[in-house]
Amino acid sequence: MDGQENPSDLWWRQVKKYAQLAMERVTHGVDAVKQFLSTLSSDERWGVMVAIDQQEPQVFEELTAIAPDWGTWMG
């Protein structure tokens, strides 16, 4: 690709950064995470949740336990 990065790699790297920001908000409560996710596109929100599950499964479990309706945020 002539020294250019693959757009999907760039997207995934950005989503991982968003996931880190979302994980930092878990300690502030579900509403803080929900508010942050609301600033992202639907694809980015789903990507963030996948990235959290991959990077920090215990944080993902904690978040989904305290917010079992998290799937409704993804729309």
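The values are calculated or read from the model by the stated rules, or taken from the named source; none is laboratory data. Given the structure is predicted, the values throughout are model-derived calculations rather than measurements. Positions of Cβ are generated from backbone atoms using ideal geometry, with glycine treated the same way; all protein chains shown enter the neighbour counts. Remember, those area values only see protein heavy atoms, side chains included, never the ligands or the DNA or RNA. Shrake-Rupley method; radii C 1.70, N 1.55, O 1.52, S 1.80 Å.
Can you give me the % of accessible surface on the chain that is carbon or sulfur? Probe 1.4 Å, all protein chains present, nothing else counted. Mind dumping the intermediate values first?
Values: 2410 of 4790 Å².
Roughly 50 percent of what the probe reaches on the chain is carbon or sulfur.
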Answer label for percent of Cα pairs over 21 Å apart (calculated), chosen among [x] 34; [y] 60; [z] 23: [z]
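Taking the Cα centre of the chain as origin, work out the dipole magnitude from +1 charges on Lys and Arg Cβ and -1 charges on Asp and Glu Cβ, in debye rounded to 20. Let's see the in-between values first.
Details: 6 positive and 12 negative charges, 35 e Å.
Dipole size: approximately 160 debye.
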